[in-house]
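Throughout, read-outs are computed from the coordinates displayed, never taken from laboratory work. In this text the structure is predicted, and so the values were computed from the model without any measurement. Note that we place each Cβ from the backbone using ideal geometry, even for glycine, and neighbour counts take in every protein chain shown.
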Amino acid sequence: MESKEIYVKAHVRVIRQKLYRFVCKECNSVSERICFPSQPLYCEICRPPKQKAEKPSSEAIVKAQTTKRKPPAKQPRVSTMKTTTKAKKASSAK
């Protein structure tokens with residue numbers, strides 16, 4: 001059976017797969033399914049497992065880690081003060 005390594009703060013936790021026997025919610029048949037630690041609800045016929053996504057090659061990972069990215073340029077803020085009618089009256093009265 002397969003296992004996953006999950007990095008949790010300062011240590012690595014290994015999660016192993018387990019065989020579950022359960023009643024499918026959709027077809028109401030007793031079935032067995034190998035899953036990571038969560039009780040499955042549906043059999044493999046009703047909900048087939050997802051295809052595994054390909055991991056990027058180690059060369060691509062190293063390249064991505066070594067290339068420097070430019071931080072996004074900050075846009076200058078343009079402050080536009082809205083003049084209210086009171087401010088207009090006060091400025092015209094002077």
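Evaluate E = 1/(1 + (r/R0)^6) for Lys4 and Val78, where r is the Cβ-Cβ distance and R0 equals 35 Å; express this FRET efficiency to the nearest 0.05. Show your work: numbers first, answer last.
On the way: r = 50 Å, r/R0 = 1.43.
FRET efficiency, Lys4 to Val78: 0.10.
Just to verify a number: FRET efficiency for Glu54 and Arg13, C-beta to C-beta distance, R0 = 25 Å, to 0.05? Working shown, then result.
On the way: r = 24 Å, r/R0 = 0.97.
For Glu54 and Arg13, the calculated efficiency is 0.55.
Segment 3-57: which trypsin sites (Lys or Arg not before Pro) are DSSP loop and have at most 14 other beta-carbon atoms within 10 angstrom? Walk me through the intermediate numbers first.
On the way: sites: Lys4, Lys9, Arg13, Arg16, Lys18, Arg21, Lys25, Arg33, Lys50, Lys52; in loops: Lys9, Lys25, Lys50, Lys52.
Passing sites in segment 3-57 are Lys9, Lys25, Lys50, Lys52.
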Normalised contact order of segment 1-48, rounded percent, pairs of Cα under 8 Å and 6 or more residues apart: 28
Cα pair distances of segment 1-48 binned at 5 Å [whole percent]: 5, 22, 22, 18, 11, 10, 7, 4, 1
